[in-house]
1. Scan region 10-23 residue by residue and report those that are surrounded by 18 or more Cβ atoms within 10 Å (Cβ to Cβ) and under 21 Å from residue 114 (Cα atoms).
2. Quick test of your reading of the structure: residue 327 fulfils all but one of (1) over 15 Å from residue 247 (Cα atoms); (2) surrounded by 13 or more Cβ atoms within 10 Å (Cβ to Cβ); (3) at pLDDT 85 or above. Name the failing condition by number.
3. Give the residue, chosen from 42, 66, 59, 38, that is surrounded by fewer than 21 Cβ atoms within 10 Å (Cβ to Cβ), closer than 22 Å to residue 112 by Cα and either of a type in the set (Phe, Trp, Tyr) or in contact with a strand residue (DSSP E or B) (Cβ under 6 Å, 6 or more places away or on another chain) (or both).
4. Checking the conditions here, which among 214, 197, 230, 239 is on the phi < 0 side of the Ramachandran plot and not assigned by TED's automatic domain parsing to the domain that holds residue 269?
5. What pairs can you find where one residue is in region 139-151 and hydrophobic (A, V, I, L, M, F, W, C), the other is surrounded by fewer than 18 Cβ atoms within 10 Å (Cβ to Cβ), and their Cβ atoms are less than 7 Å apart, with a gap of 6+ or different chains?
6. Out of (1) assigned to a helix (DSSP H, G or I); (2) more than 18 Å from the chain's Cα centre (by Cα); (3) in contact (Cβ under 8 Å) with a residue 12 or more places away in the chain, what's the single condition that is false for residue 120?
7. Can you tell me which residue is surrounded by the most Cβ atoms within 10 Å (Cβ to Cβ) among those in region 137-154 that are more than 22 Å from the chain's Cα centre (by Cα) and farther than 14 Å from residue 57 by Cα?
Amino acid sequence: MKEEQTNLKVATLAGGCFWCLASDLEKVSGVAKVISGYTGGYKENPTYEEVTTGKTGHYEAVQIYYDPSEVSYEQILVVFWHHVDPTDPGGQFVDRGSQYRTAIFYHGEEQKRIAEKSKEELEKSGQFKKPIVTPIVKFSRFYEAEDYHQDYHRKSPSRYKMYRLGSGRDRFLDETWRKENNMGTNPGGNPGGKKTYPKPDDATLKKKLTPLQYEVTQYEGTEPSFQNEYHDNKREGIYVDIVSGEPLFSSLDKYDSGTGWPSFAKPLEPENVTTREDWKLFAKRTEVRSMHGDSHLGHVFPDGPAPTGQRYCMNSAALRFIPKEDLEKEGYGEYLKLFARKSE
């Protein structure tokens, strides 16, 4: 998606370090861009140095430009809740101070209603033992942060990874959502929905994955065509991320594209599949990644069969196939109904 699109809507959220929030939210399918900046305070045109003093009233925040035909405001809020500690009134993780607190800044009464409902559902879910302190505030004005803060996770990946690892954010999120798993990223943000699927640390991944699986998922590698595990697999079942286990595709949507890689007309769970532009081969392609595991899966092309017209061309090395008869024991019993429906 391009910035010149006119159908995009805007969400403004604060969740501690805007580097991290931008990195997490840009992975959501349907999000066109995420801008880091400052909002909620009284100082006009604040600088980063001024905001970090905590005396401007501003929060570090992000503005999310999203296509409502692909992702709803409710879904964006569910992702937001999954990437912050909404019970902390004094900041987020290692970052302390009023400028690092969480907040939802609503644009219009509809966003206000949705945000209040989403917060209420989170409170009722019992996911957190402490009160949810994230305020829902009317949006006023947003100031874009300095250029070096935009897309920091891509501009300075090594420094960003070191900061994020030391911040305690991922450790808290993994422990919180792995332990309960009672609020998912299903459309509408309903608690009690689908599970979340934490990504193991790098040391664990190197032990768990084969060299090819690690290369494909962590370094955007590509396996040989026709010489891979699932390109000709015709069994009924689902395909999950080899890293996180999140459900990605169904055999019901698999077809023979003739390319030598497993191809699907659509995802099984669209919210578990994210896309972004890829220029590695000096031509624009659309890379496909998993939402929770952040695994490189493959690419999507506009030459697929009707009715979607899409071809999700995946690497077998990024997937694990779970046959229909094993879905229940593997913890994916909710998908059995898909295959029962087919046999009726």
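1. Within region 10-23, 11, 12, 13, 14, 15, 21 meet the criteria.
2. All conditions are met except number (1).
3. Checking each option against the conditions leaves just 42.
4. On the way: 214 fails: not assigned by TED's automatic domain parsing to the domain that holds residue 269; 230 fails: not assigned by TED's automatic domain parsing to the domain that holds residue 269; 239 fails: not assigned by TED's automatic domain parsing to the domain that holds residue 269.
So the residue among 214, 197, 230, 239 that is on the phi < 0 side of the Ramachandran plot and not assigned by TED's automatic domain parsing to the domain that holds residue 269 is 197.
5. Matching pairs, first to second residue: 139/107; 145/48.
6. Every listed condition holds for residue 120 apart from (3).
7. Of all residues in region 137-154, those more than 22 Å from the chain's Cα centre (by Cα) come to 137-148.
Okay, now just the ones that are also farther than 14 Å from residue 57 by Cα, so 138, 144-148.
Working: 138: 12, 144: 13, 145: 23, 146: 11, 147: 8, 148: 10.
If we take residues in region 137-154 being more than 22 Å from the chain's Cα centre (by Cα) and farther than 14 Å from residue 57 by Cα, then 145 is surrounded by the most Cβ atoms within 10 Å (Cβ to Cβ).
Every residue, every condition in (1) within 14 Å of the chain's Cα centre (by Cα); (2) under 30 Å from residue 275 (Cα atoms), yes or no:
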position	(1), (2)
24	yes, yes
35	no, yes
38	no, yes
44	no, no
67	no, yes
78	yes, yes
96	no, no
124	no, no
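The values are calculated or read from the model by the stated rules, or taken from the named source; none is laboratory data. Keep in mind that this is a model prediction, so the values were computed, not measured. Using ideal geometry, Cβ is built from the backbone for each residue, glycine included, and neighbour counts are taken over all protein chains shown.
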